[in-house]
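S.K.: Handing you a structure now.
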Ligand SMILES: [Zn+2]
């Protein structure tokens, strides 16, 4: 199990215990297969949340095994001695490589013998219980199969019409892999393209947070937020829940004299602003401010990881106000605001 060592602590936080047994429905297990668990950070409860994910391990080629029972098998000695005296294998000038090739050839000969022997061995009778159940189930499935006298053909089951189309595949994959949300990304002309793309990735949950990296099978040293070192680093944590993010949003709300619901997930936050009819012209600027705040938070997060000792959280809000003004003045055609007014509250002077 990854993440934290313990999954529960007592009230005084002096004793920890670890729960690493999971009750999983058969259908889930059959669908996902082998899984691994990770204990996440603890906040209110005395238990750590535990995440399960599918885990596929590749241990390389399967080693060749020899069973003692083979030695008693009919013809085993002959196969080995015959191959060792007269068998064909790739020759080489190096005696060591010769030996390796000869062993590989012997392995092939034994495999042929094992397969032939297996086909001769009679199957043992069913032992009852689950074996009987499984046998009956497979018989039922086989009974439903009707073999007709026609050529084999491919069948596409992901479409109600049973007909294959590239469009159908695209829709099926989108349905499986894309997050379901209803708000289209709002392209903002005031901020640079990189900021727009950043927001697009953010609302699709495609930023490489530590949780997202882990979720895609990249094992990190830690899943903990690099900004506050307290909590799992997800998009929601980084942009809304983290103590640094809360500080930034509170300062932004104070600057704008607005009660912003920054604790909402990004997509709902944008939706909320979009639904505010009383903002009118200020809406564009407000979107710009939100986009820039997310951009600055992500930059700060990256600096916390890659430029240790050069954090600048106290200057982050100044930086947001400053960048925004430069972008507003240089990229917005209707810009006519003085720096003093901007610094005071841009929404009042639009
Ligand atoms: Zn944090």
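S.K.: Return the residues of region 150-191 that are at pLDDT 80 or above and either touching a helix residue (DSSP H, G or I) at 6+ places or on another chain (Cβ under 8 Å) or closer than 15 Å to residue 203 by Cβ (or both); say none if nothing qualifies.
M.R.: Passing the criteria: 187, 188, 189, 190, 191.
S.K.: Hey, can you tell me all the residues within region 264-292 that are part of a loop (DSSP other than H, G, I, E, B) and modelled with pLDDT under 85?
M.R.: If the condition is that a residue be part of a loop (DSSP other than H, G, I, E, B) and modelled with pLDDT under 85, then 275, 276, 280, 281 are the ones that fit.
S.K.: May I pose another question? Considering 102, 111, which residue is under 44 Å from the mean Cα position of the chain (by Cα), at pLDDT 85 or above and assigned to a helix (DSSP H, G or I)?
M.R.: Just one listed residue meets the conditions, 111.
S.K.: So residue 229 ticks every box in (1) more than 16 Å from the ligand (Cβ to nearest atom); (2) exposed (fewer than 14 other Cβ atoms within 10 Å of the Cβ); (3) assigned to a loop (DSSP other than H, G, I, E, B) but one. Which box is left unticked?
M.R.: The single condition residue 229 does not satisfy is (1).
S.K.: Looking at region 232-263, which of its residues are within 16 Å of the ligand (Cβ to nearest atom), part of a helix (DSSP H, G or I) and over 21 Å from the mean Cα position of the chain (by Cα)?
M.R.: Once the filter is applied, which keeps residues that are within 16 Å of the ligand (Cβ to nearest atom), part of a helix (DSSP H, G or I) and over 21 Å from the mean Cα position of the chain (by Cα), region 232-263 yields 243, 244, 245, 246, 247, 248, 249, 250.
The values are calculated or read from the model by the stated rules, or taken from the named source; none is laboratory data. Here the structure is a predicted model, which means the values were calculated and not measured. A quick note on method: Cβ atoms are made from the backbone with ideal geometry, for glycine too, and the neighbour counts reach across all protein chains shown.
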